[in-house]
Amino acid sequence: MAKAAIIGAGIGGIAASIRLAVKGYAVTVFEANESFGGKMHEFWLGNYRFDAGPSLFTLPHLVDELFTLAGRNPSDYFTYTRLDPITHYFWPDGSRVKAWAEPEKFAAEAEQQLGVPKDAVLKALAKSARLYKGTADTFLHKSLHKLNTYLSPDVLKSLQCLPDLGLTTTMHDANYSLFKDHRFVQLLDRFATYNGSDPYQAPATLNIIPHLEHGIGAFYPKGGIYSIAASLVKLAEELGVQFNYNEPVERIVVQNGKATGVQTIKGNYSATIVVSNMDVMPTYRKLMPDQPAPETTLRQPRSSSALIFYWGIKKAFPELHLHNIFFSQNYKTEFEHIFQHKTISPDPTVYVNITSKLEPADAPAGSENWFVMVNVPHNQGQNWAKLTAVTRETVIRKLSQMLQTDLEPRIEAEQVLDPLTIEARTSSFAGALYGSSSNNRMAAFLRHPNFSSKLKGLYFCGGSVHPGGGIPLCLLSAKIVADLAPAPKL
């Protein structure tokens, strides 16, 4: 029977295991950690539960699709609700906006709270929808490194969108040309952080991202983001997938120009195909040091990382919801600190995720579990202990001022995650959350493909390869791998 060896039980590796099992492979997943999920895991601090990594859930049909592909009813394993509002936005001048899911309602809110013309907002969202629908099937669902992709009828739709894709201008400049209110431009520019990029460098193509939330919707899975991984692992095991935890892969075995298996700390395993869900940098440097590596691809600028404070807050804040953004005064300066100066802005934008708003059991009564995140540069030897201490003070001061509450005495449980820890736990090179950034117009084409052009039988999925980072794109990378992998011989 054809065998598939998958390196890493992140969401991409789990999804690939399901698709390959359905295709007829006997699948074994090798995971260095004691459990599955990669960045998508959960933990408790006393009576507070936290999703450790991803916090936003879009395109839920990509998860449902894995269950239906296996002949299962998705709702028997996994359920979710559509968010409305999606995010609460706060600015230093006291302005506040609720980002309602429906475009009409969101546009009316922007007009009422910020004075932004409703029609202009609707026009921008309609363009985002049009470009997403015209390009997603080509640029997200298929390999950009195979000729047959460009012979597909979907390419014609994409070509019609090219003049409006904004490849020659930045995301910020495109947004500023439509809206003069710096607060609403800041709100739109923020979507660049969804793949760890800088809106002042990234192409305006990224302005398709708002459609994910305001066209398709943002969702919350019952049980938290971790339930996505947990439900898919349950499905994978039902399909016969074997998960080998605490068994890091030490080497991808290559013979005569083909990946023929893996060597782990426990032994050698032969395989018909090998799929790496590990970051491409350590995949080449650590697992295939004697094989030629795609140096141009590996040298692409890395994405941003994150500094996260997990706080158990002994107070309830009715003005907050699941997703909350507290903006900086000067967004351009903030991104210059991250991408040019390789440090953290003294006035960072702060994201606060509170799952206890929807899952009361995640925190004691009258309290809340705060996942507090600041975008930071990936690790390049910075003094993270010092940066963390300074940023913690800054964040507490900022949130205390904007919420008019002395926050420090309310923190009764705390844990911190920095780029060094992210790299150590998830093998994300330099702690970059999304592999390479999208800070140039050719970034999508410069991402590592989902297959090796040098070694037969070697494939790649996860956030460091095409089509990118984040839950939906990792799931799509697994789909592309399964489509590229040969059908097992009977």
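A short reminder: the numbers here are calculations on the coordinates, not readings from a lab. These figures come from a predicted structure and were not determined experimentally. Cβ sites come from the backbone with ideal geometry, for glycine too, and all protein chains shown count toward neighbours.
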Jot down the radius of gyration and Dmax of the stretch 203-245, Cα atoms only, both in angstrom.
16.1, 44
Compute the separation of the alpha-carbon centres of the stretch 351-407 and the stretch 248-266 and state it in Å as a whole number.
41
Give the aspartates and glutamates reachable from LYS258 as a straight Cα distance under 16 Å; neighbours fewer than 8 places away on the same chain don't count.
ASP290
Among 64-71, 191-198, 417-424, the order from most to least packed when residues are scored by Cβ within 10 Å on average
191-198, 417-424, 64-71
Please identify every one of the GluC sites (Glu not before Pro) in the stretch 294-335 that sits in a loop by DSSP and has no more than 12 other beta carbons within 10 Å of its own beta carbon.
GLU319
Lys pairs in the stretch 318-473 with Cα under 21 Å (8 or more apart in sequence, or on separate chains) total 4
Directionally averaged shadow of the stretch 332-490, computed from the convex hull of its alpha-carbon atoms, nm²:
13.8
Return the distance in nm (one decimal) between the two label points of a simple spin-label model at ILE265 and VAL22, each offset 7 Å from Cα along Cα→Cβ.
3.4
Rounded to whole Å, give me the distance from the Cα center of the stretch 23-48 to that of the stretch 64-113.
26
Considering every Cα-Cα pair within the stretch 191-317, what fraction, in whole percent, is farther apart than 22 Å?
64
Looking only at lysines whose Cα falls under 20 Å of LYS105's and that sit 8 or more positions away or on another chain, we get LYS118, LYS123, LYS127
Antiparallel DSSP bridges in the chain: what percent, to the nearest 5?
70
Sum -39500 (n - 2.57) across every DSSP H segment of at least 4 residues in the chain, then divide by the residue count to get the 222 nm mean residue ellipticity, nearest 500.
-9500 deg cm²/dmol
If we count every other residue with Cβ under 9 angstrom of GLU247's Cβ, Lys/Arg +1 and Asp/Glu -1, where does the sum land?
0
As computed over the chain, the Cα convex hull volume per residue (Å³):
142
Sorting check: for 471-483, 386-398, 429-441, which peptide has the highest mean count of neighbouring beta carbons within 10 Å, and how do the rest follow?
471-483, 429-441, 386-398
Would you list which lysines come within 16 Å of LYS479, measuring only between C-alpha atoms, while excluding same-chain residues fewer than 8 positions from it?
LYS23, LYS142, LYS146
At a 10 angstrom cut-off on C-beta neighbours, averaged per residue, how do the peptides 275-281, 448-454, 233-239 rank from highest to lowest?
275-281, 448-454, 233-239
Measuring from label point to label point, each 7 Å out along Cα→Cβ, what is the LYS123 to THR405 span in nm?
4.1
